[in-house]
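All remarks here apply to the structure that follows.
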Amino acid sequence: MSVRTWFPLALLFVCHATGEAGDFFDRYFEARVKQIESASERLPATKEEYLTRQQEKRRELADMLGLDPMPARSPLNATVTGQFEHEGIIVENLHYQPMPGFYVTANLYRPKQSEKPLPAVLYLCGHSDKQKDGVSYGNKAGYEHHGVWYAKNGFVCLIIDTVQLGEIRGEHHGLHRLGKWWWISRGYTPAGVEAWSGIRGLDYLESRPEVDAKRMGVTGRSGGGAYSWWVAALDERIACAAPTAGITTLRDHIVEGCVSGHCDCMYMANNRRWDYPDVSSLVAPRPLLIANTDKDSIFPIEGVYQLFRNTREAYKLLGAEKNLGIHIAEGEHQDLQPLHAGEFHWMLRHLQNQPAAPPFDGAAPRTIPMEKLRVFTSLPTDERNTTIDKTFIPPADVAIPENQERWDQWKTSVLKTLSTEIFPMPEESITTRKLGGSSNGGITSTRFVLSSDHPDLTPDLDLHLLHREGTDPSQLDAIVLRIMDEEETAAFGDEQKKQAFRDSAEILRSPATGFAFFSPRGIGATARAGTPKELIHFKRRFFLMGETLESNQVTDIRRCIAASNGLLKTRSGKLHLTARSTQGVNALYASVLEGGVSRLDLHALPSSHMEAAAPAYLNVMRHLDIPQVAAIASETSAVNLHDVPGEPWLFPRSVGERLQWSRSTSKGLTTDDAATR
């Protein structure tokens with residue numbers, strides 16, 4: 001059957017579905033966040049249990065940042081390219097490499113003279129874009145006043161550039177602006193790069209003779225505040241932390257919509273489904289100041305207070321409540337002098353043992369021209385900064401198995417990972433209800449509704465079954481199930497409806513075969529309305545909860561497969577699945593996870609999650625890619641790929657040939673390059 005024939009039939013019978021997509025997804029985000037909040041609020045009973053659990057949670061955070069296992073601590077190759085004196089202090093322009101070919105440009109501020117090792121502060125920059133005449137001077141040039149103040153007050157301060165706004169400019173906005181949804185599938189977030197740059201920055205500070213490595217602190221504002229959280233949470237060398245305007249609750253990001261104001265560097269790949277007090281509590285019992293302004297629209301004060309209260313419970317449990325502080329200044333999301341005062345007081349108090357309110361005004365005027373802070377006069381040709389998103393987390397390298405035993409071992413392991421970590425089935429119960437139908441031209445359309453006992457987590461989804469008039473659905477031996485995409489569920493006119501009925505009479509010649517149409521959530525009646533920008537942030541919200549819209553669609557298709565097989569007369573009948581492009585990949589994954597599919601016809605299938613049309617599933621490429629899933633499916637089903645080039649599908653073909661799977665029509669993989677199907 002061709003796509004041209006399926007298209008009007010599909011439109012005819014799914015267009016009657018009704019739904020309230022906006023209301024459902026609002027309820028869904030609220031329900032999911034409540035679940036995460038509930039788990040986040042549970043603390044161990046004792047200090048000893050907490051500290052033991054804290055080490056495991058530190059590893060979990062590293063994993064969500066792409067840092068488990070930690071990258072090799074390769075030589076930093078730190079190089080000072082220049083220095084100058086400024087108002088009685090020394091400023092050095094330097095770079096180091098957290099990993100080979102990845103350059104971090106930085107400025108180090110220190111007193112001109114010191115008799116003993118000094119406390120040090122790692123300052124992490126927010127999104128200050130410092131460019132002139134096509135030259136980037138790095139966002140370090142936007143925060144030089146912090147370095148000057150620290151050096152004048154007896155600290156060594158290292159201010160480092162970010163991957164996005166450094167002298168070599170990479171990207172922070174893969175999801176936010178650039179359509180790089182494969183970041184999710186790779187488990188990549190620029191937050192991990194910034195965390196690793198900061199951790200290696202501590203390595204560099206330890207190497208400096210001017211630094212007392214037992215007295216190192218971290219701070220930063222906005223994006224730099226977020227990176228301060230990652231570094232302080234992961235690295236216990238941080239003796240004191242003062243993140244500023246860099247954190248709020250998961251509720252603020254998802255339910256209240258603050259995600260739209262943030263780039264991707266602010267977020268871990270939250271597959272552990274943490275709320276942000278889970279991050280802040282990892283600093284306990286070390287001194288921690290949470291600083292913010294009271295009118296910050298992207299870090300709302302109510303969420304900051306709630307995070308402080310939750311974090312305080314961990315400090316109380318550890319008997320360290322005196323080490324936790326909160327500093328609120330008046331103003332919006334800006335680098336304000338009152339915020340500086342709180343940050344500076346905290347570092348003086350805990351790294352220099354100064355009194356809580358030393359006699360200083362906290363002023364930090366900007367006094368150094370950005371041109372003087374430039375590290376490179378020409379950029380290195382071996383830099384990886386501009387492509388770090390493709391190399392920071394390598395994809396899985398799956399080899400052709402030597403024999404069936406090796407294949408079975410790998411398949412069992414990877415299916416377990418897919419089932420438990422990437423597509424965990426929700427616990428709610430699903431029922432299939434028959435809601436009647438209509439007949440025309442000898443064809444009956446019977447409507448079934450898949451309903452959940454938790455309607456805030458799963459919407460009602462329609463399954464439309466076409467069969468010969470007079471044939472009961474329970475008497476069918478085979479069902480051809482079409483998974484619909486957005487284009488196929490678009491509106492159409494009366495003439496197309498009439499033509500669809502005429503076409504269906506020819507198609508449904510066998511009384512034992514039915515044709516079914518199903519749209520997972522986010523398609524058709526449950527599609528989310530909005531501008532392209534609004535829909536980007538809608539999809540990003542799922543990622544913040546450790547899932548994706550498409551992984552939810554896979555779950556919906558699995559349930560539809562189970563419901564469709566439940567309608568077949570023998571319960572071991574033939575279910576034929578057909579879909580295209582993004583929904584084709586969703587259908588492929590659903591078939592191997594659920595089973596019970598005898599044949600798949602998939603059109604214009606992407607050959608990798610790196611392609612624009614491929615769905616995003618969190619961390620999936622750490623384990624396999626689409627051709628490996630096709631190989632799993634082709635062991636037990638006939639997998640027919642249409643409108644695809646043959647070369648990317650050598651893996652499933654080679655596996656079948658190596659393991660001598662049957663070439664019968666009941667299983668195996670075939671491809672064609674026909675223009676239309």
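The values are calculated or read from the model by the stated rules, or taken from the named source; none is laboratory data. Keep in mind that this is a model prediction, so the values were computed, not measured. No Cβ is skipped: glycine too gets one built from the backbone with ideal geometry, and neighbour counts run over all protein chains shown. Side chains included, ligands, DNA and RNA excluded: accessible areas come from the protein's heavy atoms. Shrake-Rupley method; radii C 1.70, N 1.55, O 1.52, S 1.80 Å.
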Residues that are open to solvent by 80 Å² or more (accessible area, probe 1.4 Å), part of a loop (DSSP other than H, G, I, E, B) and within 24 Å of LEU67 (Cα to Cα), drawn from segment 379-401: ASP382, PRO394, ASP397
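Looking at ALA590, ALA614, ALA579, can you tell me which residue is touching a Cys at 6+ places or on another chain (Cβ under 9 Å), within 21 Å of PRO520 (Cα to Cα) and not acidic (Asp, Glu)?
Working: ALA614 fails: touching a Cys at 6+ places or on another chain (Cβ under 9 Å); ALA579 fails: touching a Cys at 6+ places or on another chain (Cβ under 9 Å).
Sole residue among the options that is touching a Cys at 6+ places or on another chain (Cβ under 9 Å), within 21 Å of PRO520 (Cα to Cα) and not acidic (Asp, Glu): ALA590.
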Restricting segment 263-275 to residues that are outside any helix (DSSP H, G or I) and under 15 Å from GLY225 (Cα atoms), the residue that is farthest from the chain's Cα centre (by Cα): CYS263
Residue that is farthest from THR219 (Cα to Cα), among those in segment 149-176 that are part of a helix (DSSP H, G or I) and either free of Cβ contacts under 8 Å to residues at least 24 places away in the same chain or open to solvent by 10 Å² or more (accessible area, probe 1.4 Å) (or both): LYS152
Residue check, ASP278 open to solvent by 10 Å² or more (accessible area, probe 1.4 Å), under 24 Å from LEU202 (Cα atoms) and either free of Cβ contacts under 8 Å to residues at least 12 places away in the same chain or assigned to a helix (DSSP H, G or I) (or both): yes
Residues of segment 101-116 classified as over 19 Å from VAL80 (Cβ atoms) and either touching a Cys at 6+ places or on another chain (Cβ under 8 Å) or open to solvent by 10 Å² or more (accessible area, probe 1.4 Å) (or both), total: 2
Residue in segment 402-418 that is farthest from GLY656 (Cα to Cα), counting only those that are of a type in the set (S, T, N, Q) and loosely packed, with under 13 Cβ neighbours inside 10 Å: SER413
Cβ pairs under 8 Å, 6+ apart, first in segment 70-90 and loosely packed, with under 12 Cβ neighbours inside 10 Å, second among the hydroxyl-bearing types (Ser, Thr, Tyr): ASN77/TYR96; GLU87/THR367
Residue satisfying condition, being touching an Asp or Glu at 6+ places or on another chain (Cβ under 7 Å) and acidic (Asp, Glu), within set ASP133, ASP161: ASP161
Scan of segment 419-441 for residues that are open to solvent by less than 60 Å² (accessible area, probe 1.4 Å) and under 27 Å from the mean Cα position of the chain (by Cα), ordered by number: SER419, ILE422, PHE423, PRO424, PRO426, GLU428
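Right, ALA314: surrounded by 15 or more Cβ atoms within 10 Å (Cβ to Cβ) and under 32 Å from the mean Cα position of the chain (by Cα) or not? Outline the logic, then answer.
Numbers: surrounded by 15 or more Cβ atoms within 10 Å (Cβ to Cβ): yes; under 32 Å from the mean Cα position of the chain (by Cα): yes.
So ALA314 passes the test.
Among the residues of segment 194-234, how many are among the small types (Gly, Ala, Ser), part of a helix (DSSP H, G or I) and open to solvent by 10 Å² or more (accessible area, probe 1.4 Å)?
1
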Any chance ARG286 is at positive phi, part of a loop (DSSP other than H, G, I, E, B) and open to solvent by 10 Å² or more (accessible area, probe 1.4 Å): no
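In segment 426-465, what residues are part of a strand (DSSP E or B), among the β-branched types (Val, Ile, Thr) and in contact (Cβ under 8 Å) with a residue 24 or more places away in the chain?
Result: ILE430, THR432, ILE443, THR444, THR446.
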Those residues of segment 527-548 which are within 26 Å of THR578 (Cα to Cα), open to solvent by 20 Å² or more (accessible area, probe 1.4 Å) and within 11 Å of the chain's Cα centre (by Cα), in sequence order: LYS539
Test: residue in segment 302-316 that is touching a residue at least 12 places away in the same chain (Cβ under 8 Å), assigned to a loop (DSSP other than H, G, I, E, B) and not acidic (Asp, Glu): no
Yes/no for SER207 being out of contact with any Pro (no Cβ under 8 Å at 6 or more places or on another chain) and at pLDDT 95 or above: yes
